[in-house]
Structures are given as C-alpha cells and as structure tokens.
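Worksheet for the structure shown next.
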Amino acid sequence: MKKYIKNTVLSLALVSLLGACKEQLDVKNPNQPTPSSASTETGVIGLAQGSVYINGFKDGIKYYDGIPGYFWTGAVGFHEMMGDVVGEEAANVYGNQIGMPDVVILDDGTKVLNPSAINSQIALIRTINTNANAGANPLFYEWGYMYNLNNAMNNVIDIAKTTTFSGDATSSAAKKNTVLAWAYWWKGYAYSRIGSIYYAGLINDKTAATNANYVTKEKIIDEANKNLDQAAALLTALGTDANYTATITALIPQFNQVGKGVPPTTDMWKRSINTLKARNILVNTTAAAMTAAQWGQILTLTNDGVKSTDNVFTGRSTDNADFISSVNGSMAAKSTGVPGTVTYKISERLIQDFPAGDKRLTNNFTQLAAPALFNSDRGNSFNTRWQLVSGGKGQAGVVVLSNLTVGAYELYLASTYEENELMKAEAKIYTGDIAGGLASIDAVRSFQGAGLAPLSGLSLADAKEALRKERRVGLVFRGLSFYDARRWEVITKGRTGAVVVDKAGKVNTNATIQYNFLDYWDVPDNELAYNPAAAGSAPIKNPK
C-alpha cells in the first residue's frame, strides 16, 4: 500500500463537511476538514463520510481512465466482463482483452481463437501486470481503491477514538461507536473484496503506514470477517436510539437517502453484515468443494440476512455527479443505449439466461433489427443483438435495470435482499431441500416483478440450473457475475449451448466458449515495485 498512502492523506484533505446535497461530496469545497482538523464531532463525521464515498469509490487513487471510469464501472467492470454479462470493444486498460475467452467454437465447428498475440487471458495478465504499465494495468484498480478505503477507515478510527462527541456520557459514546461501526464495516467490506479477487494481500490497521507481510487470500477473508464482527458487536450494544439515528443519518450523504438507501436501523445493518459474511464463504469456494458445514453457515447467516423490507447501503447520482454520474457512473448506465455508442455491450449469454416470458427482459431490453458487430480482431464474444433501455418500458411492478435520469437509478453498494435470498436458495438446494430453494428463487422473481409461474418438481440438476440463471439475471450489474463463473468453474470448464453472434452477423445457438480465465489475480506490480514482499510472505502470484 506504500504508493497509495500519500495520495490517501492528500485526498482526505478533500473530504466535505456536512451540508447541502450538492455540496456534501464536492471536492472543490474550501471548507473541508483535513485529518488534523477533523477531531470534532462534525469534522470526524464529515471525514468518515467522504473517506468512503470519495477515497473508497471515486477520487482516491492515483490513476484514472475515463473509458472504464471509477470504481463502480472500472474495477466492477472487469468483474462483469469476466462474468460474461457485458463485453467491451475499447482498448483502454486492456478492456477489450481482459474478458476475452481463449476459444469460441461456433455451431459449424469453426474455432475463433483469442485474437491477441498472446492468445490467453492468463498470459495477458502476466505480461501487463507491471508497474511500468501504470494506470493501464487492470489489476491495479480494485487493489488501489480498496486499500485506500481501508487506510482511510484506519484514520477515521484513530481520530474518532480521541474525539469528544456532544451530549452526556451515554450520548457521546453512542455517537462515537456509530462512527466506529461505520469504519469497521467498510474495512470489512474492503478486505472482503481484496480477498475475493487477489491471491494474496496485506493486513494493515495503521494509518499512513504499511508492511510487506503478504498473507493468503484466506487470511484476508478472515480479517474481513473480524472487522465485520467488530461492527456487529458495536451495533448490538448500540441499538437504534436517537443518537445512533442522528449519526448514521449524518454519515450517509443526503442524496443517497432515497428508496432502499434510507439509513438502516442497527438490526438492518447487522443483517447486511450477515449477508456479506455469507458471500465471503460462498464466492471463495467452488460449488463442488463446499462442505455441509459451509452450507450450514450460509443458511445460519442468510436466515438472519437482509430482508425484503430492509434498508441497505446504496448510491445515487446528482446533477453534478457528487458520487456517481447518472449517465456513466454505474455498470447499468455505461451499458445503456445503442451498443455502438456505449462502453459495455450486453452479452448474448446474459439474455439467453432469462426464462421465457420474463417481464424483466421485456421491460428492460430491446432486440435490435440487426446485430451490432464490432472489431473482428477482438473475436466475436461481444457482438450483440440487444440494447438496454433507460427507465424501462413502463411495465408496472417490474424492476428497472437502468435509468439515466439524475437520481433515479439505485446503485447497490453491498448486501441486498435478492443476493441473500439466492444464497439461501443455493444452500437449501445443495443440502437436499430443493423445494425450499425453489421457493426462495420464486421470492426473488416476485420481488422483481418477473411475472413467472412458481417453480416446482425440478430435479437437483434442473434446480441448480434455475439457480444459476436467476443469479445471473436477478443480480445483474451488481459485480457478482465473475465470482459465480469462478465458483461454478465456468471459467475453467467453459460454457456449452451458448448463443454467439459471429463476425458475419450469423446467430449461433449451440456454440462452446472456453474462457480459461485466472481465478484469483496476482498482487499488482504497482504495489510490489514499491513494497516488495518480505521474507516469509505468502506467495504473491497465483501458481495457475
């Protein structure tokens, strides 16, 4: 993390004080606190807010490329491309190669090889993961954002512990502990993402400092859960009183406090923690390797996970893009419109996973009169016949997957009801309760207005397939698709019966795709060049 510390400290000087909606995250505001001046109640709350929404997800890292964009479209975009939800033609940050499968075998047996000179995503990663590539190294971004978020939260913890909050001893302690719960939650979030994509990482609880003791991804996930547990313990002790409510309301930008983004109660927040902990188990173990004990843990956590009525952590656009832009600040936004004019193209494999008659498909997508074809030197995998529309098509009660109107789109930042219910469904299906699992899938479909008949009488294999498809379409654009492709071994075993539009515009309906993607990324050389691994560190390079 050495190269990010200076940038983090400087960025913290650009955190806004609480104020009007348009000014809460305005990095040009001259009245923002620096870390040294944040040791007041309003100062530390402002610091804690901006440290998440600016440092963690927007302006906190050294490099930026306007094509992939910030965290929610850049780092998350790599996940959605490797999960075959979208494709990209632009070469910025190797976007047109990082999600390119090794081989596409068309219906007639023609093999379309990965057209890069390297012919392999794994070889590409090993070639481009160098510090000299600077911001063109796709492995840099998630590491940079999440370690900035972690370091910023270390700073918040240090300052909060020495800050005197207003009110009597009980009120002061409640406000302080709400800020600390916020910091531990986001630290747990950051470690969860690091341990779920990198082969090794660093554990650091010190502000503006680092170490070179790289540990395994498993230990990073342990650290994530440790921080989440610390947040949960604080929330249990707090309860939802007036002091908690006032503080959490101040921590979340006002423009995000809409819909599901209304500040959660402590019980709601603890359920978000349980859902994230369940995710940490599920996405970091292949389905074939999951044990009965792990499925039991997931059921315990999801049974007390996010409910359909819970408020969760979300983000909204504003007219001056304080946090995200309405037209390019989310994966949905950057995938909306005519395929030739948007960054991300809708994958044919996503569309084919919608069940017949699914209103979520008809309400959100339009089939083009002719396929949109792109550079043939990048293969055929992102040619598409589909366009995502803004605002939906007016079907009452059906989820809207994209909306370019300012403030209209709800970006989910962490745990959601749908994810929790589908993890519960999977645990039930894999432990013999197929009917219970199907009921949870039906619950998600009903929640999103899919208009589908209830599932019943499915075999184990068919239930698993229904679950796979539902996670793809019900959790689309939420940054989970690559985790699923990895744990279901799609990235190694490939996909058959795939819909692919070839370079001539012919629609293949029984193609085979061999992805051969790296399951966990190596530590970015942007880090190692400044902070080489100390003796005794865990391996920093995936042996695959």
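The values are calculated or read from the model by the stated rules, or taken from the named source; none is laboratory data. Everything numeric here is computed off the predicted structure, so don't read it as measured data. Cβ sites come from the backbone with ideal geometry, for glycine too, and all protein chains shown count toward neighbours.
With respect to Q121, determine if the residue is polar (S, T, N, Q), surrounded by fewer than 24 Cβ atoms within 10 Å (Cβ to Cβ) and touching a Phe, Trp or Tyr at 6+ places or on another chain (Cβ under 8 Å).
For Q121, the condition - polar (S, T, N, Q), surrounded by fewer than 24 Cβ atoms within 10 Å (Cβ to Cβ) and touching a Phe, Trp or Tyr at 6+ places or on another chain (Cβ under 8 Å) - is met.
Between a first residue in the range 520-537 that is surrounded by fewer than 18 Cβ atoms within 10 Å (Cβ to Cβ) and a second residue that is outside any loop (DSSP other than H, G, I, E, B) and not hydrophobic (A, V, I, L, M, F, W, C), which pairs have beta carbons less than 7 Å apart while being 6 or more apart in sequence or on different chains?
Short answer, once both residue conditions are applied: Y520/Y198; Y520/K217; A529/N131; Y530/K2; Y530/K3.
Please identify the pairs in which a residue from the range 110-128 that is in contact (Cβ under 8 Å) with a residue 60 or more places away in the chain has its Cβ atom under 6 Å from the Cβ atom of a residue that is part of a helix (DSSP H, G or I) and of a type in the set (D, E), counting only partners at least 6 apart or on another chain.
Correct list of pairs: P115/D377.
Output the qualifying pairs, or none if there are none: Cβ atoms under 9 angstrom, residues six or more apart or on different chains, first residue in the range 292-314 and of a type outside the set (S, T, N, Q), second residue surrounded by fewer than 16 Cβ atoms within 10 Å (Cβ to Cβ).
Every condition considered, the pairs that remain are D310/D267.
If I ask for residues that are charged (D, E, K, R) and under 23 Å from A134 (Cα atoms), which ones from the range 488-537 would you list?
D519, D522, D525, E527
Quick one: I194 ticks every box in (1) over 19 Å from E142 (Cα atoms); (2) among the β-branched types (V, I, T); (3) surrounded by 21 or more Cβ atoms within 10 Å (Cβ to Cβ); (4) touching a Lys or Arg at 6+ places or on another chain (Cβ under 9 Å) bar one, so which box is it?
The number of the failed condition is (1).
Looking at (1) modelled with pLDDT of 95 or more; (2) part of a loop (DSSP other than H, G, I, E, B); (3) hydrophobic (A, V, I, L, M, F, W, C), which one does L350 not meet, given that it meets all the others?
Among (1) modelled with pLDDT of 95 or more; (2) part of a loop (DSSP other than H, G, I, E, B); (3) hydrophobic (A, V, I, L, M, F, W, C), L350 violates only (2).
Suppose we filter K3, K62 for residues that are out of contact with any strand residue (DSSP E or B) (no Cβ under 6 Å at 6 or more places or on another chain), at pLDDT below 95, in a helix (DSSP H, G or I) and farther than 30 Å from S166 by Cα; which single one remains?
From the options K3, K62, the qualifying one is K3.
Which of the residues belonging to the range 502-512 are hydrophobic (A, V, I, L, M, F, W, C) and either surrounded by fewer than 21 Cβ atoms within 10 Å (Cβ to Cβ) or more than 24 Å from Q121 (Cα to Cα) (or both)?
A504, V507
Considering L404, L460, L452, L467, which residue is over 19 Å from T302 (Cβ atoms), among the hydrophobic types (A, V, I, L, M, F, W, C) and without any contact (Cβ under 8 Å) to a residue 60 or more places away in the chain?
Testing whether each residue is over 19 Å from T302 (Cβ atoms), among the hydrophobic types (A, V, I, L, M, F, W, C) and without any contact (Cβ under 8 Å) to a residue 60 or more places away in the chain leaves just L460.
Kindly provide the set of residues from the range 232-249 that are touching a Leu at 6+ places or on another chain (Cβ under 8 Å) and within 19 Å of L149 (Cβ to Cβ), ordered by number.
Hit for the range 232-249 is L234, nothing else.
Regarding T247, is this residue in contact with an Asp or Glu (Cβ under 7 Å, 6 or more places away or on another chain) and either surrounded by fewer than 21 Cβ atoms within 10 Å (Cβ to Cβ) or at pLDDT 95 or above (or both)?
No, not satisfied.
For S456, state whether it is over 30 Å from G99 (Cα atoms), surrounded by fewer than 21 Cβ atoms within 10 Å (Cβ to Cβ) and either in contact with a helix residue (DSSP H, G or I) (Cβ under 9 Å, 6 or more places away or on another chain) or among the aliphatic types (A, V, I, L, M) (or both).
Yes, satisfied.
Would you point out the residue of the range 328-350, among those that are hydrophobic (A, V, I, L, M, F, W, C) and in contact with a Ser or Thr (Cβ under 8 Å, 6 or more places away or on another chain), that is farthest from V103 (Cα to Cα)?
Of everything passing the filter in the range 328-350, A333 is farthest from V103 (Cα to Cα).
Residues that are surrounded by fewer than 23 Cβ atoms within 10 Å (Cβ to Cβ), of a type in the set (S, T, Y) and out of contact with any Lys or Arg (no Cβ under 9 Å at 6 or more places or on another chain): does the range 381-390 have at least one?
Yes, some residue in the range 381-390 is surrounded by fewer than 23 Cβ atoms within 10 Å (Cβ to Cβ), of a type in the set (S, T, Y) and out of contact with any Lys or Arg (no Cβ under 9 Å at 6 or more places or on another chain).
Quick grid of which residues meet (1) in a helix (DSSP H, G or I); (2) at pLDDT below 95:
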site	(1), (2)
G329	no, no
A356	no, no
F382	no, yes
Q395	no, no
V398	no, no
V406	no, no
Y409	no, no
N420	yes, no
A425	yes, no
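Just for the range 70-95: of the residues that are outside any strand (DSSP E or B) and acidic (D, E), which one is farthest from R468 (Cα to Cα)?
Once the filter is applied, the top-ranked residue is E89.
Among the residues of the range 254-270, is any out of contact with any strand residue (DSSP E or B) (no Cβ under 6 Å at 6 or more places or on another chain), within 30 Å of A169 (Cα to Cα) and at pLDDT below 95?
No, there is no match, as no residue in the range 254-270 is out of contact with any strand residue (DSSP E or B) (no Cβ under 6 Å at 6 or more places or on another chain), within 30 Å of A169 (Cα to Cα) and at pLDDT below 95.
From the list G494, G437, G474, which one is under 27 Å from G315 (Cα atoms) and small (G, A, S)?
Of the residues listed, the single one that is under 27 Å from G315 (Cα atoms) and small (G, A, S) is G474.
For the range 277-296, what are the residues that are part of a helix (DSSP H, G or I) and over 23 Å from A414 (Cα atoms)?
Hits for the range 277-296 are A288, A289, A292, A293.
The conditions are (1) touching a Leu at 6+ places or on another chain (Cβ under 9 Å); (2) in a loop (DSSP other than H, G, I, E, B); (3) without any contact (Cβ under 8 Å) to a residue 40 or more places away in the chain, and I429 fails exactly one of them. Which is it?
(2)
Which of the following residues is hydrophobic (A, V, I, L, M, F, W, C) and either within 21 Å of V312 (Cα to Cα) or within 25 Å of the chain's Cα centre (by Cα) (or both): A183, A209?
Unique residue meeting the criteria: A183.
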